[in-house]
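Values in this text are rule-based calculations from the coordinates and carry no lab data. Everything numeric in this text was worked out from a predicted model, so none of it was measured. In this analysis, Cβ positions are derived from the backbone assuming ideal geometry, glycine residues included, and neighbour counts consider all displayed protein chains.
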Amino acid sequence: MFLQRKITKYTTDFSAEIERLKNEIETADAILIGAGAGLSTAAGFTYSGERFEKYFSDFIEKYNVRDMYSGGFYPFESLEEHWAYWSRYIYINRYMDVDNGVYKRLFELVEDKDYFVLTTNVDHQFQKAGFDKHRLFYTQGDYGLFQCSEPCCQETYDNEECVKDMLEFQEDMRVPTELIPRCPKCGKPMTMNLRSDNTFVQDKGWYRAADRYAEFLRRHENLHILFLELGVGYNTPAIIKYPFWQMTAKNPKAVYACLNFGEAVCPKEIASQSICINSEIQKIIAV
């Protein structure tokens, strides 16, 4: 309904929009946060440049990988090499403390509100910042979980201990063979619980979170709800962006706020209900 009629709402002086946003956060009956990769980038989780070079210089030299993300798809010749790369990848993006304060500041803004978080991010930063895990729906998985690569069952497994062991004992870009994670049920190699194809495991926790999200929407239908979209691009717009537009259009009391550097847009149909701020997220929420 909106795809061909999107408008851009950039502001050169967005102080008025920020004041509108503050007012909405204070007065809304509920806040639904929709978070994409841009939020974690704003928090310091960059996948290229200096941070990538610092932790993966040996892989860059040997395999000529260009950034952390694309390196995750490299066809390594052995599982020992594959998990040497991925154990570093998981550790620095899931278990290492990196957040420059963006997530914690966001939590401070909403902690006393009736909030819920829908996110495509898989780095666990919401919980680390203090958000209630029962108010989170990680739709695309979690760096902290393994699943069977087949998969033989719809179960996931915490990976912190295994990841830290692989990180500690790897040498020459290889982990010891005995540390390669294998499914406890069928013995096949494990893989990450990340949505990339139809083998993604949606475990019981995933479905419970989906139910809580649906219940949150049901409870606030037709109330004054703020749809707060942070750093969401167009890789998977059908998860957050398009539903937020549609729910705003159906509810005259709703407000849609888009914080995104370079992509702060909304459809003209909901322009009067929208706040679009074209700036870096960390600068906006620090005001």
Can you pull out the residues in the range 32-41 that are touching a strand residue (DSSP E or B) at 6+ places or on another chain (Cβ under 8 Å) and part of a helix (DSSP H, G or I)?
GLY38, LEU39
Mind listing whichever residues of the range 118-140 are within 10 Å of ILE33 (Cβ to Cβ) and in a helix (DSSP H, G or I)?
PHE126, ARG135
Which of the residues that make up the range 257-276 are farther than 13 Å from VAL232 by Cα and assigned to a strand (DSSP E or B)?
PRO267, SER274, ILE275
Are there any pairs with C-beta distances below 8 angstrom linking a residue in the range 242-270 that is within 16 Å of ALA30 (Cα to Cα) to a residue that is acidic (Asp, Glu), with the two at least 6 apart or on different chains, and if so which?
PHE244/GLU229; ASN251/GLU221; VAL255/GLU24; TYR256/GLU229; ALA257/GLU24; ALA257/GLU229
Scanning the range 238-262 for residues that are surrounded by 18 or more Cβ atoms within 10 Å (Cβ to Cβ), of a type in the set (Gly, Ala, Ser) and under 15 Å from LEU118 (Cα atoms) gives ALA257
Considering residues of the range 146-169 that are out of contact with any Ser or Thr (no Cβ under 7 Å at 6 or more places or on another chain) and part of a loop (DSSP other than H, G, I, E, B) only, the residue nearest to GLU61 (Cα to Cα):
ASN159
Scanning the range 45-76 residue by residue, those among the small types (Gly, Ala, Ser), assigned to a loop (DSSP other than H, G, I, E, B) and surrounded by fewer than 16 Cβ atoms within 10 Å (Cβ to Cβ) turn out to be SER48, GLY49
Please count how many residues of the range 199-234 are under 20 Å from ALA257 (Cβ atoms) and assigned to a loop (DSSP other than H, G, I, E, B).
9
Every listed condition ((1) within 30 Å of SER57 (Cβ to Cβ); (2) more than 21 Å from the chain's Cα centre (by Cα); (3) charged (D, E, K, R)) holds for LYS185 save (1)
